[in-house]
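Structure record follows, encoded as structure tokens.
Values in this text are rule-based calculations from the coordinates and carry no lab data. These figures come from a predicted structure and were not determined experimentally. Positions of Cβ are generated from backbone atoms using ideal geometry, with glycine treated the same way; all protein chains shown enter the neighbour counts.
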């Protein structure tokens, strides 16, 4: 492990602490997890960092695009 | 008749890839990890961007565009009046379906380019007989 310092705005720090508490992990672990999501893993194409970049909670998300983009019929 | 080794990428494939909640996420994560030459259209990119804007926010919508920029095997085909005219003919042929212009242009281009691999979860993209990748794996 390498120790480093980062500067955060107060609201970023507070939000990060809150999220870490919600997940039951340390602030350092939250930052490590966040970095792993942003940085491409070795040997993976760079666009793979976007795999699962969002969680809509909808298992049929890709089949409901027209409803979102064009809206429902009234 | 020779077919093209390229795959056509529909908006639904991009969403299944980027949305970890989607049923087909694992399949598209595997496909995008080692893709062949990919083609899509500017309409599909616009739909994908619009989906992120409406469903999430500007930041994620920009993230989607960054992914498209980064996706080196992807060629974005221009949609001109010629493609729109051909797509309109297809929409008239399938006038019992709620085909979007993006869907119809995709169907037209797959036919013209002899593309036999369609990355999509949208049943509309099956209309001309080209199987979807979700049916083949």
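Arranged from highest to lowest average of other beta-carbon atoms within 10 Å per residue, in what order do the peptides A:10-19, B:86-95 appear?
The densest-packed peptide leads the list: B:86-95, A:10-19.
Could you tell me the largest-minus-smallest coordinate of the C-alpha atoms of region B:22-137 on each of the three principal axes, in descending order and whole angstroms?
Each principal axis gives a Cα extent; for region B:22-137 these are 38, 31, 25 Å.
For each of B:70, A:53, count neighbouring Cβ atoms within 10 Å of the residue's Cβ, then give the residues from fewest to most.
So the residues, fewest neighbours to most, are B:70, A:53.
In cubic angstrom, how much convex hull volume per residue do the alpha carbon atoms of the protein assembly as shown span?
Dividing the Cα hull volume of the protein assembly as shown by its residue count gives 161 Å³.
Using all Cα-Cα distances in chain A, what percent lands in each 5 angstrom bin from 0 up to the longest?
3, 11, 14, 15, 16, 15, 11, 8, 4, 2, 0, 0
Could you calculate the contour length gain from residue B:113 to residue B:21, that is, 0.36 nm times the residue separation minus the distance between their Cα atoms, to one decimal place in nm?
29.9 nm
Could you let me know the centre-to-centre spacing of region B:1-67 and region A:1-40, using Cα atoms, in angstrom?
29 Å
Hey, any idea what the orientation-averaged projected area of the convex hull of region B:21-89's Cα atoms comes to, in nm²?
Averaged projected area of region B:21-89's Cα convex hull equals 6.0 nm².
Could you list B:49, B:24 so that the one with the fewest beta carbons within 10 Å of its beta carbon is first and the one with the most is last?
So the residues, fewest neighbours to most, are B:49, B:24.
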